[in-house]
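These notes are about the structure you will find just below.
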Amino acid sequence: MAIAYLSLGANLGDRKAMLEAALRGLEGSGQVRVVKASSVYETEPIGYVGQPWFYNLAAEIETDLDPDALLTLTKQVERELNRTREIHWGPRTIDIDILLYDDLVTNGNRLTLPHPEMVGRRFVLEPLVEIAPDLKLPDGRRIADLLPSVSAQEVRKVAG
């Protein structure tokens, strides 16, 4: 079984319910087991800022899927939750990104691992550090050590 880390985000509809539905959809496939999920964090949008704030969380999963098959599954769950892609970094019901897959480093047409933008996003790093405080990138850098460089981005833990 491989260990992978995912980042989930939603800013349309019932944001928390969408995150929960995405985790259920992944587990419901029978090919993913959610080991841990972080608290939910509310975060300001990056890139396209004229949109509602996001709810984000990180999840550690076990899977027997290879990275490409896992990506296919995440896109299927997004479609089932009515994800559309109209504006780059725009509003969405759900977004599921594969951040890390074991210690794999790859740069393919469909998938780059580790996720190329994760180290510059507090809404990814903070929930990830919550569930895996000692997690390292394949190059040996600790995720927790990257947090100070993104501390200016607004992120707040959602109560309950």
Show me the helices (runs of 4 or more DSSP H) entirely contained within segment 54-160 in which 1 or more residues are at pLDDT below 95 and surrounded by 12 or more Cβ atoms within 10 Å (Cβ to Cβ). 67-80, 122-131
Number of positions in segment 13-45 that are surrounded by fewer than 18 Cβ atoms within 10 Å (Cβ to Cβ) and in a loop (DSSP other than H, G, I, E, B): 8
Quick check: anything in segment 95-116 over 16 Å from the mean Cα position of the chain (by Cα) and closer than 22 Å to ARG33 by Cβ? yes
Any residue that is in contact with a helix residue (DSSP H, G or I) (Cβ under 8 Å, 6 or more places away or on another chain) and part of a loop (DSSP other than H, G, I, E, B) - is there at least one of those in segment 4-11? no
From the list LEU147, LEU128, which residue is without any contact (Cβ under 8 Å) to a residue 60 or more places away in the chain and under 26 Å from LYS16 (Cβ atoms)? LEU147
From the list LEU65, LEU26, LEU8, LEU12, exactly one residue is aliphatic (A, V, I, L, M) and within 24 Å of ILE143 (Cα to Cα). Which is it? LEU8
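The values are calculated or read from the model by the stated rules, or taken from the named source; none is laboratory data. Because the structure is predicted, anything quoted here is derived from the model rather than measured. Note that we place each Cβ from the backbone using ideal geometry, even for glycine, and neighbour counts take in every protein chain shown.
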